[in-house]
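This report concerns only the one structure given below.
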Amino acid sequence: MPEYAMVAVLVTAAVTWALRALPLAALAPLRASATVRYLSTRMPAGVMVILVVYCLRDLPVTESRAVAPVAALAVTVGLHLWRRNALLSILAGTAVHVTLASTLFTS
């Protein structure tokens, strides 16, 4: 194997290793940060609110096809408030939406 190919492989391996190790090394001092702790408690709810607004922003509430996403949202929120289980809430809401959208509201 020519020397330049071996050097290229070694440089590529070193860069790959460094790029994978750097985030882990950068996370260590952040774990003790009060800002990161605050964001870790507030961000999941904020992200969910943004996703809900984004998904429902163009929903024509005067049309019957709006029933599927609104019903799915109600099921998701209701189940989550009742059981406090995100996986159950998301799966049930998705099942309600898919069932309603594929059976009752097909055109």
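The values are calculated or read from the model by the stated rules, or taken from the named source; none is laboratory data. Note that this is a predicted model, so its numbers are computed, not measured. Using ideal geometry, Cβ is built from the backbone for each residue, glycine included, and neighbour counts are taken over all protein chains shown. We work out accessible area using only protein heavy atoms, side chains counted, and drop any ligands, DNA or RNA first. Shrake-Rupley method; radii C 1.70, N 1.55, O 1.52, S 1.80 Å.
Quick rundown of the values:
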{"quantity": "Share of carbon and sulfur in the accessible heavy-atom surface of the chain [1.4 Å probe, %]", "calculated": "73 percent"}
{"quantity": "Whole-number accessible area per residue in Å² for the chain, which is evaluated in the context of all protein chains at 1.4 Å", "calculated": "81 Å²"}
{"quantity": "H97 - accessible surface, heavy atoms, 1.4 Å probe, Å² rounded to 10", "calculated": "70 Å²"}
{"quantity": "Per-residue SASA entry for S64, accessible area with 1.4 Å probe, Å² rounded to 10", "calculated": "80 Å²"}
{"quantity": "Over the chain, relative contact order from alpha-carbon pairs under 8 Å, at least 6 apart, %", "calculated": "18 percent"}
{"quantity": "Rg [Å, one decimal], Dmax [Å, integer] - the chain, C-alpha atoms", "calculated": "23.5, 71"}
{"quantity": "C-alpha center-to-center spacing [the range 1-53, the range 83-98] in angstrom", "calculated": "31 Å"}
{"quantity": "The range 23-49 residues near the modelled R57 label - backbone nitrogen below 16 Å, point 7 Å along Cα→Cβ", "calculated": "47-49"}
{"quantity": "Solvent exposure ordering (accessible area, 1.4 Å, most first) of I90, I50", "calculated": "I50, I90"}
